[in-house]
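The values are calculated or read from the model by the stated rules, or taken from the named source; none is laboratory data. Bear in mind the structure is a predicted one, so any value in this text is a computation, not a measurement. Quick reminder, even Gly has a Cβ in these numbers, built from the backbone with ideal geometry, and neighbours come from all protein chains shown.
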Amino acid sequence: MEQKTVKRRFWNEDLGWYDEREIPSGKYKFTEEDKMSVVSEYVTGGRPAQEIAEKYHLSSRQIIFSWMDKYVNEREIVSLPETEEDMAKKTPEERVEELKAENKRLSKALELERLRSEAYSTMIDLAEKTFNIPVRKKSGTKQ
């Protein structure tokens, strides 16, 4: 995490003209590794997103969620298949540990999708109640 700077002009009394200086802007620049570590801290740490956003000077917790969508989906859920040579080099114990880790990762992904599904369902229920319009298709309707 690197703090961004901006150039500002200040009046220099001694010289009698403006002097340009770089000062901290209060904003931070995050590398891909920084973003992944923030997401990892949120997923594994059990701390609220707002608390992590304040710790890293993020403007809102939504930034963490957008990074999470990008990095969790790309790096954790989607994994490349191993080749036959890679599998042959590993001992059975190593393979079992990898499978356990993959099982744990996929369980987290499944739980995330369950929560997302529940959130969508709740959102539709609230929309139907608030606006008094049916959103879900009723089963068995005439076509």
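This table checks each residue for (1) polar (S, T, N, Q); (2) at pLDDT 85 or above.
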{"position": "Lys7", "(1), (2)": "no, no"}
{"position": "Gln50", "(1), (2)": "yes, yes"}
{"position": "Leu58", "(1), (2)": "no, yes"}
{"position": "Ala101", "(1), (2)": "no, yes"}
{"position": "Leu112", "(1), (2)": "no, yes"}
{"position": "Ser117", "(1), (2)": "yes, yes"}
| said: I need every pair where a residue in segment 99-120 that is free of Cβ contacts under 8 Å to residues at least 24 places away in the same chain has its Cβ under 8 Å from the Cβ of a residue that is exposed (fewer than 11 other Cβ atoms within 10 Å of the Cβ) and outside any helix (DSSP H, G or I), sequence separation at least 6 or different chains. | reply: Glu102/Ser79
| field | Residue that is farthest from the chain's Cα centre (by Cα) [pool: residues in segment 89-120 that are part of a helix (DSSP H, G or I) and of a type in the set (Lys, Arg)] | value | Lys89
